[in-house]
Amino acid sequence: MITERGGILDKTRVRPIRHLMNPLDFTVDELEKLFDLAGDIEREPAKYAKVCEGKKLATCFYEPSTRTRLSFEAAMLNLGGEVLGFSEASSSSAAKGESVSDTIRVISCYADICAMRHPKEGAAYVAASKSLIPVINAGDGGHQHPTQTLTDLLTIRSLRGSLSGFTIGLCGDLKFGRTVHSLINALTRYSDVRFIFISPEELKVPDYITDMLDEKGIGYEEVISLEDVIDKLDILYMTRVQRERFFNEEDYVRLKDFYILTKDKLDKAKSDMMVLHPLPRVNEISVEIDDDPRAAYFKQAQYGVYVRMALILTLLGMEPV
Ligand code: CP
């Protein structure tokens with residue numbers, strides 16, 4: 001059954017199914033509500049410990065993950081719900097040739113909400129178009145990773161108090177890094193955010209991103225040297241050079257250690273600069289800085305649980321009003 005607004009109605013609810021494909025699917029006001037809810041969950045977790053009793057989350061991961069899959073599962077368990085799913089394509093019927101469309105129709109019979117990661121760009125959109133339950137894009141190829149962006153925004157908002165008025169340096173693989181693409185898109189909606197893109201020539205941010213910034217009149221710098229700009233940054237967002245996105249091993253080996261954030265480099269940064277990283281890291285952040293108060297990447301992983309709890313509640317229509 002299709003609603004007047006084009007949303008699909010499922011059998012048991014009288015509200016359109018809402019998916020999350022892209023961080024821009026939520027308005028800035030809706031994000032504020034989501035982050036307020038995540039903040040309340042952080043302060044008073046016991047209040048939410050049973051709200052999803054009887055609900056099930058399916059995690060359908062066709063690509064490896066530690067944080068996204070397990071934080072989704074932790075989020076649903078923290079809400080009193082249950083989880084089911086698969087963590088690799090080879091242990092699902094995708095290995096026998098089943099399509100994403102058929103898989104999600106079947107998962108719709110077993111679960112109330114689904115988080116899906118897939119190596120192909122657009123796979124989550126295909127799933128959402130056939131699904132009878134909310135689908136969350138947990139990463140589609142090099143395209144989008146909206147829940148990482150929600151995590152990043154909540155971390156910045158919680159630790160800085162605002163999502164406006166700072167200079168952010170994004171460093172590393174800006175070409176294939178879906179977390180970077182999603183975050184830049186999301187940050188363009190806040191005022192006075194200045195971007196510095198730090199990458200080797202081969203891993204520059206794609207033209208469609210710089211074209212979008214040009215169209216919106218948002219300024220940015222593109223540089224190769226991290227040392228040259230680190231003292232200007234309020235936030236440094238480090239990323240991994242992703243072996244799995246390279247077409248040949250030679251290029252990967254040549255670029256993988258291009259940036260390594262060491263204590264010496266961090267000494268040149270502002271005393272309150274925040275270091276973020278979606279993780280996993282390989283060599284790009286030296287472990288010697290993990291205990292520096294500016295290193296916020298493990299806190300970021302914790303915020304990922306709160307924001308996913310808030311997201312599950314919101315997409316299931318169970319958020320407090
Ligand atoms: N940040 C992130 O997406 O990590 P995983 O690949 O471990 O899920």
Taking all protein chains as present, what is the carbon and sulfur share of the accessible area of the chain, in % to the nearest whole number, probe 1.4 Å? 51
Add +1 for every Lys or Arg and -1 for every Asp or Glu among the other residues with Cβ under 13 Å from the Cβ of residue 289, and state the total. -2
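To the nearest 20 Debye, how big is the dipole of region 147-301 about its Cα centre, given +1 on the beta carbon of each Lys and Arg and -1 on that of each Asp and Glu?
On the way: 21 positive and 28 negative charges, 122 e Å.
Result for region 147-301 is approximately 580 debye, rounded to the nearest 20.
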Given the options 210, 315, 170, identify the residue whose Cα lies farthest towards the positive end of the charge dipole of the chain (+1 on Cβ of Lys, Arg; -1 on Cβ of Asp, Glu). 315
Which listed pairs, of 55/130; 33/175; 96/130; 33/270; 204/270, have C-alpha distances above 27 Å, in listed order: 33/175; 33/270
Could you work out how much longer the chain between residue 101 and residue 201 gets when fully extended? Use 0.36 nm per residue separation minus the Cα distance between them, nm to one decimal. 32.2 nm
Check the straight Cα-Cα distances from residue 50 and name the aspartates and glutamates below 14 Å, setting aside those fewer than 8 residues away within the same chain. 82, 319
Cross-link candidates for residue 216: which aspartates and glutamates have Cα within less than 18 Å, leaving aside residues fewer than 8 places away along the same chain? 192, 207
For the chain, return all DSSP H helices satisfying: extent of Cα atoms along own axis at least 24 Å; mean Kyte-Doolittle hydropathy at least -0.5. 297-315
So what is the 222 nm mean residue ellipticity for the chain from helices alone, if each DSSP H run of at least 4 adds -39500 (n - 2.57) and you divide by all residues, rounding to the nearest 500 deg cm²/dmol? -10500 deg cm²/dmol
For residue 109, what accessible surface area do you get with a 1.4 Å probe? Give it in Å², rounded to 10. 100
If you find the alpha carbon centre of region 56-94 and of region 102-149, how far apart are they in angstrom? 12
Just to confirm, what accessible area per residue do you get for the chain at 1.4 Å probe, in whole Å²? 45
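Looking at the chain only, what percent of DSSP beta bridges run antiparallel? Nearest 5 please. List each step's numbers first, then the result.
Numbers: 3 of 37 bridges.
Restricted to the chain, the bridges split so that about 10 percent are antiparallel.
The values are calculated or read from the model by the stated rules, or taken from the named source; none is laboratory data. This is a predicted model, so every value here is computed, not measured. No Cβ is skipped: glycine too gets one built from the backbone with ideal geometry, and neighbour counts run over all protein chains shown. Accessible surface areas use protein heavy atoms only, side chains included; no ligands, DNA or RNA. Shrake-Rupley method; radii C 1.70, N 1.55, O 1.52, S 1.80 Å.
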